[in-house]
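Worksheet: one structure, shown below.
The values are calculated or read from the model by the stated rules, or taken from the named source; none is laboratory data. Note that the coordinates shown come from a computational prediction; the quantities given were computed from them, not determined experimentally. Note: areas computed on protein heavy atoms with side chains; ligands, DNA, RNA excluded. Shrake-Rupley method; radii C 1.70, N 1.55, O 1.52, S 1.80 Å.
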Amino acid sequence: MRTMLSAIIMLLLPVMSLAQGVRLKDLANFEGVRGNDLVGYGLVVGLDGTGDGLRNSPFTEDMMSNILERLGVNVTGEQFRAKNVAAVIVTSQLQPFARAGSKIDVTVSAIGDASSLRGGTLVMTPLNAADGQIYAVAQGSIIAGGVVAEGDAARTVQGVPTAGSIPSGAIVEREVAFDFGEMQSLTIALKSPDFSTAYRVERAINVATGASIANMSDSGTIAVDLNASGQRSPAHLLAQIENLRIEPDTLARVVVDQRSGTIVISENVRVSRVAVSKGNLTLTVQEQPVVVQPNPFAEGETVVVPRTGAQIANTPAVSLAEVPGGTTLSDVITGLNALGITPNDLIDILKTIKAAGALHAEFVVM
């Protein structure tokens, strides 16, 4: 019975490992399946006195004049003093294979001295791509999450009221000229290049399709022959392989942020057997000046006499503690926790262990 149970567990282990892998579409980018950034320059109206000061932001006045002129309102020679308008930059991303008439989200950010965009409405704004062509038009009411409360002598700001968003606020007017169905080959680019991961992707695709259509070009690129796949279209092949579970391999790496005391240790980090001792020196300097005054009716001046107290405190060092050679991440963490020190001290210890050649990982300091 025990032998049969062991055999069942051994059969289930590959399945469990596969289920714990990462989907291919989360590990890599597919050639041609990408978005395009859009940007536009527009005007927000309807603000409650929180718009641009037109003297400080003359471009807002120019844009408002141009809009009114296009609407048939003659404002030549007029001077505006409205505070309910603001000039903004509108950004968005055209999703892959977006078609004309579909809607996309936009982000609106003030570029003048407006204090808040809450309650404003974005006037029709064309959105251009890097080629200078208009691909979408944005318009709608802005949702701004920040809030401002101010008085004559104080001002409190929570969040960022000078930026907001318009869900589904832009309509796609032009499609990107790209015929995905006519592609003869497909390039898969790993987001974190690694030879082992690329080989696993190649093998998983070939096993799933039953043909040798994937070929690893380098540590970050896998070329797929679409003609040899036997699928009706590239889209059908991607639908078949994008959910394949891959177990990615990663470099052994220790990342530390000295400002916040954050330490991140990757799974493959190993430490050789070492002995560590840690002590601290604390220097305290305190100024306690004394004011000396002359006697009454004496011809003298008040003098400030400096008095400085300096003290050096030597915190007893931690006795030599052994960090055993770690074969797993749990072993490494257990050995380092045995020192009983703070994260900032642990950063110094890790740097010293690395300098001693006992830390077998890339050490990254942010």
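Could you go through the range 202-207 in sequence order and give the Karplus-derived ³J(HN,Hα) for each residue, using 6.51 cos²θ - 1.76 cosθ + 1.60 with θ = phi - 60°, rounded to whole Hz, and x for Gly and Pro?
In residue order, the calculated couplings are 4, 5, 5, 5, 5, 5 Hz.
Let me check something: with ligands and nucleic acids excluded, how do K103, K351 order by accessible area (1.4 Å probe), largest to smallest?
K103, K351
Rounded to the nearest angstrom and ordered from largest down, what semi-axes does the equivalent ellipsoid of the range 117-252 get from its C-alpha gyration tensor (root of 5λ)?
For the range 117-252, the semi-axes come out at 46, 23, 12 Å.
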